[in-house]
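Peer 1: Pasting a structure here, questions to come.
The values are calculated or read from the model by the stated rules, or taken from the named source; none is laboratory data. Since this is a predicted model, take the numbers as computed values, not measurements. So basically every Cβ, Gly included, is an ideal-geometry build from the backbone, and we count neighbours across all protein chains shown. Areas reflect the complete protein model, heavy atoms only, side chains present, ligands, DNA and RNA absent. Shrake-Rupley method; radii C 1.70, N 1.55, O 1.52, S 1.80 Å.
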Amino acid sequence: MAQILAIRALGWMAGEEAVWLAFLGASGADAAQVRAEAAQPAMQRAVLAHLLREDDWVRSCAEALAVRPEELALAAAVLDGAAGRNWT
């Protein structure tokens, strides 16, 4: 479920020019690389981490995907696994 949601979020990002260009700039990837690596957990983590940087992006993406904003954060936590856990 987390992987599917990350890929759906990637699709949303690709349709939002400002978010997409910010992701490409922050990640250093180009569109071809993102497409080639979309099924990889590292790219999915990067997509959700980028999306979660801005509350407005989270809300807009969640609305477009018909999910609760919390589901995007939960998907990011699931994909992060044990490395993403922090007790503080």
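Peer 1: What number comes out for the charge environment of Cys61, summing +1 per Lys or Arg and -1 per Asp or Glu over other residues with Cβ under 15 Å away?
Peer 2: With Lys, Arg at +1 and Asp, Glu at -1, the neighbours total -4.
Peer 1: Another question, if that's okay. Just one of (1) 59; (2) 27; (3) 31 is percent of Cα pairs over 20 Å apart calculated from these coordinates, so which is it?
Peer 2: Read-out taken from this structure: (2).
Peer 1: So between Ala66 and Gln33, what do we pick up on full extension, going 0.36 nm a residue minus the alpha carbon distance?
Peer 2: Fully extending the segment from Ala66 to Gln33 adds 9.1 nm.
Peer 1: Could you size up the charge dipole of the chain around its Cα centre, putting +1 on the beta carbon of Lys and Arg and -1 on that of Asp and Glu, and report it in debye to the nearest 20?
Peer 2: 260
Peer 1: Here's another thing I want to ask about it. Could you state the accessible area per residue of the chain in Å², with a 1.4 Å probe and every protein chain left in place?
Peer 2: Solvent-accessible surface per residue comes out at 61 Å².
Peer 1: Here is a further query. Say R0 is 22 Å: what FRET efficiency, to the nearest 0.05, do Ile4 and Glu54 get from their beta-carbon distance?
Peer 2: E between Ile4 and Glu54, to the nearest 0.05, is 0.50.
Peer 1: Could you tell me what percent of the accessible area of segment 15-75 is made up of carbon and sulfur, with a 1.4 Å probe and every protein chain present?
Peer 2: 51
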